[in-house]
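Okay, so here's the structure we're looking at.
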Amino acid sequence: MLSAGFGAAQDKPPPSECLAIAQSIPRVMFASLSRVAAEKSEVTITYAGHSTYILETPRNVTIATDFSGAYTAGKSPNVVTMNRAHSTHYTLNPDPRIAHVLHGWGEGGQPARHARMIGDVLIRNVTTDIRAYRFDSEALQKDGNSIFIFEVAGLCIGHLGHLHHPLDETHYAAIGRLDIVMVPIDGTFTLSLDGMSEITRRLRSSIVLPMHRFATPLSDFIARMNGQFEMDIRPERSFTISRDTLPKKPTVIVLDGV
């Protein structure tokens, strides 16, 4: 079912297991399952900067999130995702050697729609709105941002992008289960800390990776978790994870540079 290499993508990807599992029994938190149960697989996650995390899959697909070209952590991505709230989250002139450039916004008034199997990872998106700053700071531009979800090695990994508003039930249903979620915690340019912490508690992922922090004290975000999450501050920029090594209690992992 996998494409021959990361330079090709399937026209008809397999269905999302993150959605299928989450929807089968409502309001139950599921343990991670695997599309390839017998295969011991690990994903390496590196914080590159701002809202860019680098994911490296077992079959050597390298993905950079909210890619502007400024943050790579010395790695050459095969796949990049982008959002256009600000120029620090996208570029219109990516390196032509990048095989797959996935925009979080659509063209011609249509929302972006991604559901692609690239190598060993299924990449899909859930659109949200962004502020239309030019006229009204409270007005929203429909479907201008995407939450990208990466399903690989039995893990469901989500990146909230430049999220500007609370999620409703249709968003949560479309997202499904997330084992790992990357969350902007600036509290101003994106959603407020109260709003972001509410989403984080609702998703209750095994691992929360803060990003887009600026000067926000980490304690301000953690205090809003109501004691439901552990705190793990690490001196490294990278870690390797599998479904079997997810923490037993939901944990906020803060990598070097965040």
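The values are calculated or read from the model by the stated rules, or taken from the named source; none is laboratory data. This one's a predicted model, so the numbers in the text were calculated from it and none came from an experiment. With ideal geometry, Cβ positions are generated from the backbone for all residues, glycine too; neighbour counts draw on all protein chains shown.
Residues satisfying the criterion are absent from the range 10-29 (criterion: surrounded by 15 or more Cβ atoms within 10 Å (Cβ to Cβ), modelled with pLDDT of 75 or more and among the β-branched types (Val, Ile, Thr)).
If you check 179, 143, 129, 168 for being on the phi > 0 side of the Ramachandran plot and within 18 Å of the chain's Cα centre (by Cα), only one passes: 143.
Taken residue by residue, the range 142-158 has at least one member that is modelled with pLDDT under 90 and either loosely packed, with under 15 Cβ neighbours inside 10 Å or in contact with a helix residue (DSSP H, G or I) (Cβ under 7 Å, 6 or more places away or on another chain) (or both). When 133, 172 are checked against the criterion of being at pLDDT 90 or above and out of contact with any Phe, Trp or Tyr (no Cβ under 8 Å at 6 or more places or on another chain), a single residue qualifies: 172.
Restricting attention to the range 246-257, the residues being surrounded by fewer than 18 Cβ atoms within 10 Å (Cβ to Cβ), under 19 Å from residue 184 (Cβ atoms) and not polar (S, T, N, Q) number 2.
Across the range 225-245, the number of residues qualifying as within 28 Å of residue 169 (Cβ to Cβ) and crowded, with 18+ Cβ neighbours inside 10 Å comes to 2. Residues of the range 171-195 that are touching a strand residue (DSSP E or B) at 6+ places or on another chain (Cβ under 9 Å) and within 17 Å of residue 115 (Cβ to Cβ): 171, 174, 175, 176, 177, 178.
Pairing residues of the range 243-258 that are closer than 20 Å to residue 58 by Cα with residues that are among the aromatic types (Phe, Trp, Tyr), at Cβ distances under 6 Å and at least 6 apart in sequence or on separate chains, gives no pairs at all. Residues that are buried (at least 21 other Cβ atoms within 10 Å of the Cβ) and not polar (S, T, N, Q) were ranked within the range 188-202; the one that is modelled with the highest pLDDT is 196. If you take the residues of the range 159-174 that are in contact (Cβ under 8 Å) with a residue 40 or more places away in the chain and closer than 18 Å to residue 211 by Cα, which of them is surrounded by the fewest Cβ atoms within 10 Å (Cβ to Cβ)? For the range 159-174, the residue satisfying everything is 164.
Go through the range 203-216 and give me each residue that's within 24 Å of residue 73 (Cα to Cα) and surrounded by 12 or more Cβ atoms within 10 Å (Cβ to Cβ). It would help to see each step written out before you state the result.
Let us first name the residues in the range 203-216 that are within 24 Å of residue 73 (Cα to Cα), namely 207-216.
Of everything in the range 203-216, those that are within 24 Å of residue 73 (Cα to Cα) and surrounded by 12 or more Cβ atoms within 10 Å (Cβ to Cβ) turn out to be 207, 208, 209, 210, 211, 212, 213, 216.
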